[in-house]
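Written out below as structure tokens is the structure these notes cover.
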Amino acid sequence: MLNNKEPTKDVSKDDIKNKIPQITSSLNRVIKISKNISFGKKNIPIIAGPNGVESEKLMHKVAKNLVKNKVQIIRGHSYKPLTFPYRSKQYFETQDKGMDIMDSIKKSYGLKVVTEVTEIRYLERINKTADILQIGSRNMQNFELLREIAKCNKPIILKRHFGSSLRDFLGAAEHLIVFGNKKIILCERGVSIPHTHKETSRFALDLQIVPAIKEICKYPVIVDPSHACFWAKWVPSLTLASVASGCDGLIIEMHPNPKKSAVDPLQPLNFKEFNSLRLKLKKIAKSINRNIF
Ligand code: PEP
Ligand code: MN
């Protein structure tokens, strides 16, 4: 007999009871990163940095700007999946060396580090340095990878696949809990729809998912507007809207010289844009009784 009595695209009462009971449990989940950084409380932490850990010089520049702006978490990947297989001459993965760079950044600036784990074979090295392990959207349902990452017992950012329903997204998060890890931060990063309003804009930011998740789930939800629209000029408005939607954190791509970014040069904000956005975000946060450092 088929067990899947009522397969649905969106979450049903039966799903909450039988398929995703733990991720939707009514216990309030705050994901603590350190003494003064938590996701799911009044303060909305910002995670910012370039796409890749391109060089030590770049990461020092970025870290200095973050510290100046009271941002406590730096992002940067050393192992990267690319949508297309051809790499620009500028682009190379720094891999283990990139993680050594992140180590020195941690020590020099006291920042927390987010790095994506693309494959199980890189996990050991990344886990030595990263404070938060990111599961990229393309790997949302790579359950073998999820299992190994869960075992590390570190906070995990689970990015929603761009073709995933809320139901499948929470299903993947439920797997992490079953694999033994409850330190889950859910991340919306844009979905594929037939049109995204401009040829340079690849996904549509689904902010509706923030209140939808909050209605049934007490885990923190963060938003990554940069990877959604791919178009730096639109990132500030989408970020402001993300905070207004009630999100618990943000991922923003930032680069001292976006044109020179080895990957997706149209996407990152430069320092000036980032710094002025942060000031505007503080006002929106205040208006809904939240806070941004
Ligand atoms: C990223 O964070 O750099 C990234 C590639 O994200 P996503 O998996 O959402 O595309
Ligand atoms: Mn990126």
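Starting from residues that are without any contact (Cβ under 8 Å) to a residue 24 or more places away in the chain and not aliphatic (A, V, I, L, M), keep the ones in the stretch 277-286 and report whichever is nearest to Lys57 (Cα to Cα).
Among those that are without any contact (Cβ under 8 Å) to a residue 24 or more places away in the chain and not aliphatic (A, V, I, L, M), it is Lys282.
Could you tell me whether any residue of the stretch 104-126 is in a loop (DSSP other than H, G, I, E, B), more than 29 Å from Lys280 (Cα to Cα) and either without any contact (Cβ under 8 Å) to a residue 40 or more places away in the chain or in contact with a Lys or Arg (Cβ under 8 Å, 6 or more places away or on another chain) (or both)?
Step one: of the stretch 104-126, the residues in a loop (DSSP other than H, G, I, E, B) are 110-111, 117-119.
Then keep just the ones that are more than 29 Å from Lys280 (Cα to Cα); that gives 117-119.
Narrowing the set further to residues that are either without any contact (Cβ under 8 Å) to a residue 40 or more places away in the chain or in contact with a Lys or Arg (Cβ under 8 Å, 6 or more places away or on another chain) (or both) leaves 117-118.
Looking through the stretch 104-126, at least one residue is in a loop (DSSP other than H, G, I, E, B), more than 29 Å from Lys280 (Cα to Cα) and either without any contact (Cβ under 8 Å) to a residue 40 or more places away in the chain or in contact with a Lys or Arg (Cβ under 8 Å, 6 or more places away or on another chain) (or both).
Go over the candidates Ser226, Ser245, Ser192, Ser201 one by one and state the one that is over 14 Å from the mean Cα position of the chain (by Cα), of a type in the set (Ser, Thr, Tyr), within 15 Å of ligand 1 (Cβ to nearest atom) and crowded, with 18+ Cβ neighbours inside 10 Å.
Only one candidate qualifies: Ser201.
Can we say Cys187 is within 21 Å of Phe39 (Cα to Cα), out of contact with any helix residue (DSSP H, G or I) (no Cβ under 6 Å at 6 or more places or on another chain) and within 15 Å of ligand 2 (Cβ to nearest atom)? Lay out the reasoning, then the answer.
Details: within 21 Å of Phe39 (Cα to Cα): yes; out of contact with any helix residue (DSSP H, G or I) (no Cβ under 6 Å at 6 or more places or on another chain): yes; within 15 Å of ligand 2 (Cβ to nearest atom): yes.
In short, yes.
When Arg87 is evaluated against the numbered criteria (1) out of contact with any Gly (no Cβ under 8 Å at 6 or more places or on another chain); (2) within 16 Å of ligand 2 (Cβ to nearest atom); (3) open to solvent by less than 80 Å² (accessible area, probe 1.4 Å), which criterion, by number, is the only one it fails?
Among (1) out of contact with any Gly (no Cβ under 8 Å at 6 or more places or on another chain); (2) within 16 Å of ligand 2 (Cβ to nearest atom); (3) open to solvent by less than 80 Å² (accessible area, probe 1.4 Å), the lone unmet condition for Arg87 is (3).
Being within 16 Å of ligand 1 (Cβ to nearest atom) and open to solvent by less than 50 Å² (accessible area, probe 1.4 Å) is the filter; apply it to the stretch 90-103 and report the residue that is modelled with the lowest pLDDT.
Across the stretch 90-103, the extreme among qualifying residues is Tyr91.
Residue-wise test of (1) assigned to a helix (DSSP H, G or I); (2) more than 16 Å from ligand 2 (Cβ to nearest atom).
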| site | (1), (2) |
| --- | --- |
| Asn153 | no, yes |
| His161 | no, no |
| His195 | no, yes |
| Pro236 | yes, yes |
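Could you tell me which numbered condition Gln134 fails, if it satisfies all but one of (1) more than 16 Å from ligand 1 (Cβ to nearest atom); (2) closer than 29 Å to Thr94 by Cα?
The failed condition is (1).
The values are calculated or read from the model by the stated rules, or taken from the named source; none is laboratory data. Note that the structure is a prediction, hence the values are computed from the model and not measured. Positions of Cβ are backbone-derived with ideal geometry, glycine not excepted, and every protein chain shown enters the neighbour counts. Note: accessible area is taken over every heavy atom of the protein model, side chains too, but ligands, DNA and RNA are not part of it. Shrake-Rupley method; radii C 1.70, N 1.55, O 1.52, S 1.80 Å.
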